[in-house]
Amino acid sequence: MKITLQKDGFTLLEVLIALLILGVALLGMALMQINAINTNKTGNDITQGTLLGEQRLEEMKAQAFDQITTSTGISGGSPDTAAITSPSFPAGQKTALGGMTYYQVWNVSGADPKEITAYVLWRDRFGFWHRVSLKTSRSSL
């Protein structure tokens, strides 16, 4: 009588190697997903900033021509983050959306037409400043 050994199935070593390969692939996919979530958050922040800037420009265009002046938080024609983060910064120039505080400042230059540059600034979770700037002009006519 002859005994033959059959090799059906996988060895423990083969299973462990397969699980290691699967684990590395799943870890890569998880990191990719985290990166996608962070990128979507950044895109949302930029979109919110742009919408707030557009809204501010429309409000400025609707004002009387002689009432269009530079806002608090501008130094030398550009935003001053030290003035923006001070407690005396006007509440009307701050907007909280989705856990993020957006600061709105604007610079007005020229006599007629007036060049209006609106800046929307915010700090990310790491403390870095980001900004969106939009520009328009308004004449007295």
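Since every read-out is calculated from the coordinates, none of them should be taken as a lab result. These numbers come from a predicted model, not from an experiment. So basically every Cβ, Gly included, is an ideal-geometry build from the backbone, and we count neighbours across all protein chains shown.
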Seminar exercise, completed: residue 98 meets each of (1) farther than 16 Å from residue 44 by Cβ; (2) surrounded by fewer than 13 Cβ atoms within 10 Å (Cβ to Cβ); (3) out of contact with any helix residue (DSSP H, G or I) (no Cβ under 6 Å at 6 or more places or on another chain) with one exception, condition (1)
Exercise. Is it the case that residue 114 is surrounded by 14 or more Cβ atoms within 10 Å (Cβ to Cβ) and among the basic types (Lys, Arg)?
Worked result: yes
Problem set entry | Qualifying strands (runs of 3 or more DSSP E) (wholly inside segment 49-132; at least 1 residues being more than 29 Å from residue 38 (Cα to Cα) and touching a residue at least 24 places away in the same chain (Cβ under 8 Å)) | 100-109, 114-123
Exercise. Identify, please: which residue in segment 74-90 is out of contact with any strand residue (DSSP E or B) (no Cβ under 6 Å at 6 or more places or on another chain) and of a type in the set (A, V, I, L, M) and is, among those, surrounded by the most Cβ atoms within 10 Å (Cβ to Cβ)?
Worked result: 83
For this session: Please work out if residue 45 is crowded, with 17+ Cβ neighbours inside 10 Å, out of contact with any helix residue (DSSP H, G or I) (no Cβ under 7 Å at 6 or more places or on another chain), outside any loop (DSSP other than H, G, I, E, B) and of a type in the set (D, E, K, R).
Result: yes
Seminar exercise, completed: Flagged in segment 58-72 as farther than 17 Å from residue 135 by Cα and either within 22 Å of the chain's Cα centre (by Cα) or surrounded by 14 or more Cβ atoms within 10 Å (Cβ to Cβ) (or both), in numbering order, are 72
